[in-house]
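Asker: One structure, as structure tokens, below. Some questions next.
The values are calculated or read from the model by the stated rules, or taken from the named source; none is laboratory data. Computed from a prediction, not measured in an experiment: that's the story for all the values here. Here Cβ is always computed from backbone atoms with ideal geometry, including for glycine, and neighbour counts include all displayed protein chains. The area values use the complete protein model at the heavy-atom level, side chains included, leaving out ligands, DNA and RNA. Shrake-Rupley method; radii C 1.70, N 1.55, O 1.52, S 1.80 Å.
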Amino acid sequence: MHYENRNPPEGINTSDHSPVREFLRLSLSALVVLIAVGIFLNFSGSLLGGLLPFKAELWITERVDRIMQQAEQESPFADPVGQGSDSASVDPLEQYLQSMTDKVVAALELPEPIVITLHYRDDDVFNAYATLGGHVYLFKGLLKHLPNENALAMLMAHEYSHVGQRHPASSIGGGITMAAGSSLLLGAAAFENRFFSIASALASTRFSRSMETDADEAALAAVNSIYGHVNGADDLFELFTGIRDDNQLDFLDSFFSTHPLDDNRIQRIEEQAAANGWLATGAITPLPAQFLQWLN
Ligand SMILES: [Zn+2]
């Protein structure tokens, strides 16, 4: 047996690879994997979102509502129309909006578990939108421009049929699965944090053009069944055109700018009315005389 105190070979502490390059390569691979997982979750989420039962939507919005209230933040789902604390002195505007909602919901024949929870926002924003759990928001800035009740019915029917056709769930489904995915990676605290960003993202729900067209079609049928004609429904889109022409485009929420072009929509509903033999003329129903006062 021969022992020797051999020197270590030269160069074992230096590598012919650059450690910086190695680090960059690994980080890049990790990033690519994360992005791929994100895209997958987002894509499968929008597919699954539409398949989610409506009760699951309700569960999510109730949970967001509870978390936000516990955190003493303003919940987007608080204070719906017609559910004030003092039912004896119900606001006349809320009463009117609720009675219109009842008519429109009946005309749309929304399937059983689906409920519409309407919120009126006293903000001068030209907007209206539908989101998860049947929550629909109408803003003063849009309502004050409505020329008649027929246009209001068309607006409501459009938003409510987004809910009936489960568009918010498909659209937000991606965000929900992304949140669930990030909670797996980053822990439950990240999930709770994501809830707040989801709550704010609910307001910026974007629907595809085909969803908008489907909502317009269902809405026009509802307007016809309420009034016996579709006169006045297109006033809603004329209004959008007017607002755009007045160069108030930056005043419009992105929600409206993703809608199909107003002229196309008007043409399409005219064709739909003709194809179904619906009357394009008929008495216009005015809004209540005090409607503008109620808004202010
Ligand atoms: Zn829409």
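Asker: For a quick check of your reading of the model, give me the residue pairs whose first member lies in the stretch 45-74 and is outside any helix (DSSP H, G or I), whose second is surrounded by fewer than 19 Cβ atoms within 10 Å (Cβ to Cβ) and not aliphatic (A, V, I, L, M), with beta-carbon atoms closer than 8 Å and at least 6 apart or on different chains.
Answerer: Correct list of pairs: Pro53/Pro113; Ala71/Phe196; Gln73/Phe196.
Asker: Among the residues of the stretch 94-112, what is the count of those that are modelled with pLDDT of 90 or more and either loosely packed, with under 13 Cβ neighbours inside 10 Å or over 21 Å from Val223 (Cβ atoms) (or both)?
Answerer: Total satisfying the criteria: 6.
Asker: Additional query: Restricting attention to the stretch 133-159, which residues are more than 22 Å from Thr241 (Cα to Cα), within 15 Å of the ligand (Cβ to nearest atom) and in contact with a Leu (Cβ under 7 Å, 6 or more places away or on another chain)?
Answerer: Listed by number, the list holds a single entry, Val136.
Asker: Condition test on Ala275, is it farther than 25 Å from Glu217 by Cα, over 29 Å from the mean Cα position of the chain (by Cα), at pLDDT 95 or above and loosely packed, with under 11 Cβ neighbours inside 10 Å?
Answerer: No.
Asker: Kindly provide the set of residues from the stretch 204-225 that are away from the ligand (no atom under 14 Å from the Cβ) and either open to solvent by 50 Å² or more (accessible area, probe 1.4 Å) or in contact with a strand residue (DSSP E or B) (Cβ under 7 Å, 6 or more places away or on another chain) (or both), ordered by number.
Answerer: Ser225
Asker: Follow-up question, since we're still on this one. When the residues of the stretch 106-124 are filtered to those that are farther than 20 Å from Asp79 by Cβ and touching a residue at least 24 places away in the same chain (Cβ under 8 Å), which remaining residue is nearest to the chain's Cα centre (by Cα)?
Answerer: For the stretch 106-124, the residue satisfying everything is Ile114.
Asker: May I pose another question? Among what's in the stretch 113-133 and is closer than 17 Å to Gln98 by Cα and out of contact with any Gly (no Cβ under 9 Å at 6 or more places or on another chain), pick the residue that is surrounded by the fewest Cβ atoms within 10 Å (Cβ to Cβ).
Answerer: Asp122
Asker: Just checking, does the stretch 105-126 include any residue being away from the ligand (no atom under 16 Å from the Cβ), out of contact with any Phe, Trp or Tyr (no Cβ under 9 Å at 6 or more places or on another chain) and part of a helix (DSSP H, G or I)?
Answerer: Among the residues of the stretch 105-126, at least one is away from the ligand (no atom under 16 Å from the Cβ), out of contact with any Phe, Trp or Tyr (no Cβ under 9 Å at 6 or more places or on another chain) and part of a helix (DSSP H, G or I), which makes the answer yes.
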